[in-house]
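Only one structure is covered here, and it is reproduced in the block below.
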Amino acid sequence: MSYFLFIVKSAFEDFRRSKMQTFLTSLGILIGVFAVVTLTAMGLGLKKYISDQFDSLGTNTLFVAPGKLLQGGGFGESSLLGNRFDLKDLNRLKRVRSIKSITPLSSKSGTAKGAKDSEFSTIFFSSEAFFDISGFEIDKGRFLDKRDIDKRAKVLVAGPKIAEKLFGTISEAIDKKVTIDNVSFTIIGVIKSKGGGGFGGPDYDSYFFGPYTTGFIFDPDKKFIRFAMKTDENINISSVKEEVKDAMLKRYKDDEFSIVEPTEILSVVNGIFGIMNIVLVAIASISLLVGGIGIMNIMYVTVSDKTKEVGIRRAIGARKNDILFQFIVEAVALSILGGALGLGLAYAGILLVQPFFPAYMDVTSVALALGVSSVIGIIFGVLPARKAANLEPVEAIRYE
Amino acid sequence: MIKLDKVVKSYKIDEETTFYALKESSVEINEREFVSIIGPSGSGKSTLMHLIGLLDKPTSGEIIVQGRKISQLNDDQVSSLRNEFIGFVFQQFNLIPKLTVLENILLPSFYARKKLEYDPREKAMGLIKRFGLEGKEKSYPNKISGGQQQRVAILRALIMEPKMILADEPTGNLDSKTGGEIMEMLKELNEDEKITIAIVTHEADIAKYGKRAIHVKDGAVVK
Ligand SMILES: Nc1ncnc2c1ncn2[C@@H]1O[C@H](COP(=O)(O)OP(=O)(O)OP(=O)(O)O)[C@@H](O)[C@H]1O
Ligand SMILES: [Mg+2]
């Protein structure tokens with residue numbers, strides 16, 4: 001057995017002999033690591049979730065949404081939910097040359113009843129262009145086409161998750177009826193999984209997609225929540241934005257609509273998470289400082305408790321550095337113990353919230369938590385350890 | 001083998017008062033000797049033994065170990081000398097409670113800087129067998145008797161194959177029968193293993209084991 005393992009083993013033997021004290025001492029680090037890892041996991045998950053929603057959209061896509069969506073580096077007081085636009089706007093935007101394809105979007109949520117099961121779900125009503133704009137791929141059956149739009153066909157394309165849920169398998173769903181709010185639709189296709197879910201939150205895999213004209217069944221006012229469009233790849237996106245803006249300004253005031261690129265949304269998201277990270281680092285620093293001081297305090301107590309032991313070890317030939325090393329290892333073990341417990345607790349917490357919230361823990365936060373704990377142990381262990389190492393052997397051995 | 005040359009140990013009590021725990025003394029201990037250090041309580045026996053054992057530094061004078069002046073060695077070198085050259089045995093056994101019997105015996109070998117010519121674990125097991133501690137390897141010190149603890153302490157002193165064992169009242173916490181067994185063990189080591197032994201005691205019965213006596217009184221070596 002190497003000397004190092006021996007020291008670690010004796011440190012844990014000490015911990016075993018005073019479990020409560022060890023636990024209370026490592027509590028500071030435990031709480032610190034738990035808080036930071038949990039919050040980071042939630043932040044990361046949320047960020048990944050939001051990114052996934054927009055990542056699928058190419059660089060040459062644009063949204064037009066009512067109100068001011070992005071303001072001063074954050075999300076403005078937009079009404080993402082307000083149905084503001086109508087067919088007139090759609091026709092106006094269709095006349096903008098550089099727009100290759102455009103779809104209006106509206107949605108309807110309700111309980112969808114299938115052959116096997118029912119589930120609360122959402123239908124996105126769009127034109128056939130939405131599939132191209134969103135980069136969907138078909139798995140079984142077919143997409144919406146122009147005829148579905150013109151005929152106001154009661155057909156839906158389903159996400160793979162909802163199709164499986166309601167009909168057992170994806171193939172089973174094709175040509176079957178699904179009822180939402182007493183309106184019966186035929187499923188004509190199922191898209192390939194877009195991922196982005198896996199956190200249990202709403203995602204494309206759990207949505208239906210139907211013709212926007214059919215959506216008017218649920219909305220006699222015939223309004224849309226936004227437009228999504230794809231531009232010509234060769235045209236500068238900002239010039240397209242100008243054209244779209246000019247078109248919209250014919251009817252609306254400047255602050256009544258927003259034209260947004262997915263990348264802009266992402267940069268806003270990144271900005272928000274940047275601020276969140278700073279807050280996290282601050283929380284982490286404070287809690288780890290408090291935890292570290294707790295460890296330093298208990299290590300000073302340990303050193304005076306172990307004065308005799310230090311004397312014995314020095315008498316049989318331990319050098320100052322052997323004693324220094326022993327106490328630093330003990331402090332680090334204590335600190336890592338707290339870190340590992342905090343990490344375990346955070347992991348359990350994340351598993352617990354995952355059905356409701358897209359929390360996501362990555363290897364970096366695990367490595368960081370354990371790394372930071374070790375560093376805390378070294379920093380706050382070194383002073384007490386030096387005190388132990390510098391004890392005069394003869395005084396330590398006489399100590400009772 | 002070890003020589004104290006005009007060694008003084010004093011403590012400054014306050015600005016004006018200096019307490020002499022050991023007045024100027026010269027002592028020599030030779031190879032294979034069995035020496036008793038005798039004197040009343042507080043006379044300075046332990047002080048003398050700590051100096052001989054290189055645990056303490058003299059206020060003045062020189063300690064010479066096998067021709068080397070200790071004042072010229074640094075702390076690490078002195079630690080290594082204690083590790084390889086000297087074994088300590090104390091009145092209160094001084095085992096480390098959280099370590100098992102075997103780990104306590106092996107402890108000095110963890111601090112060895114030189115390469116050992118033998119496997120310390122094998123040696124420890126051999127000693128355990130030889131001195132009747134079989135089956136106690138994994139016991140913790142508080143689970144064995146005082147006599148057994150003191151035997152473990154002696155085995156710990158032996159693991160590095162030292163030239164000298166220093167024992168400060170090794171029988172002080174034991175009844176006379178067990179104390180006798182410990183003294184027989186030390187005698188055996190002196191005679192069979194040729195290990196130099198110095199024991200501190202204030203009991204005449206124990207001092208008799210020594211072939212030579214160093215008398216300490218009021219901080220002075222009297223003969
Ligand atoms: N650090 C110190 N400061 C001041 N005085 C000390 C110190 N260490 C020891 N002494 C004194 O030195 C004297 C000798 O102590 P020492 O322990 O050597 O005596 P001893 O002969 O071993 O006694 P005992 O038989 O009781 O163990 C004592 O009076 C003690 O109080
Ligand atoms: Mg004494």
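A few comments on the model shown:
- Matching entry among A:Gly210, A:Gly141, A:Gly159 (being of a type outside the set (D, E, K, R), at positive phi and in contact with a strand residue (DSSP E or B) (Cβ under 6 Å, 6 or more places away or on another chain)): A:Gly141
- Residues of the range B:1-52 that are among the small types (Gly, Ala, Ser) and surrounded by fewer than 17 Cβ atoms within 10 Å (Cβ to Cβ): B:Ser10, B:Ser26, B:Ser41, B:Gly42.
- Test: residue in the range B:36-48 that is within 12 Å of chain A (Cβ to nearest Cβ) and away from ligand 1 (no atom under 13 Å from the Cβ): no
- Among the candidates B:Leu81, B:Leu4, B:Leu107, B:Leu102, residue that is touching a helix residue (DSSP H, G or I) at 6+ places or on another chain (Cβ under 9 Å), aliphatic (A, V, I, L, M) and within 16 Å of ligand 1 (Cβ to nearest atom): B:Leu4
- Residue tally, condition at pLDDT 80 or above and surrounded by fewer than 16 Cβ atoms within 10 Å (Cβ to Cβ), over the range A:256-269: 1
- Test: residue in the range B:163-179 that is under 15 Å from the mean Cα position of the chain (by Cα), over 20 Å from B:Ser25 (Cβ atoms), surrounded by fewer than 22 Cβ atoms within 10 Å (Cβ to Cβ) and more than 16 Å from ligand 1 (Cβ to nearest atom): yes
- Criterion (more than 16 Å from ligand 2 (Cβ to nearest atom), free of Cβ contacts under 8 Å to residues at least 12 places away in the same chain and not in a strand (DSSP E or B)) met by exactly one of B:Glu191, B:Glu181: B:Glu191
- Some residue of the range B:64-79 being within 16 Å of ligand 2 (Cβ to nearest atom), acidic (Asp, Glu) and within 14 Å of chain A (Cβ to nearest Cβ): no
- The listed residue being over 23 Å from A:Leu5 (Cα atoms), buried (at least 22 other Cβ atoms within 10 Å of the Cβ) and more than 16 Å from ligand 1 (Cβ to nearest atom), out of A:Gly338, A:Gly342: A:Gly342
- Unmet criterion (only one of (1) away from chain A (no Cβ under 13 Å); (2) among the β-branched types (Val, Ile, Thr); (3) in contact with a helix residue (DSSP H, G or I) (Cβ under 9 Å, 6 or more places away or on another chain); (4) more than 26 Å from B:His202 (Cα to Cα)) for B:Ile13: (3)
- Close pairs from the range A:243-258: first under 12 Å from A:Asp89 (Cα atoms), partner modelled with pLDDT under 85 and assigned to a loop (DSSP other than H, G, I, E, B), Cβ under 8 Å, at least 6 apart: A:Phe257/A:Gly67; A:Phe257/A:Arg84
- Qualifying residue in the range A:117-131 (condition: within 17 Å of A:Ser184 (Cβ to Cβ) and in a loop (DSSP other than H, G, I, E, B)): yes
- When the residues of the range A:316-364 are filtered to those that are small (Gly, Ala, Ser) and not in a helix (DSSP H, G or I), the one that is farthest from B:Ala167 (Cα to Cα) is A:Ala359.
The values are calculated or read from the model by the stated rules, or taken from the named source; none is laboratory data. Because the structure is a prediction, the values reported are computed rather than measured. Glycine gets a Cβ as well: all are built from the backbone with ideal geometry, and neighbour counts include every protein chain shown.
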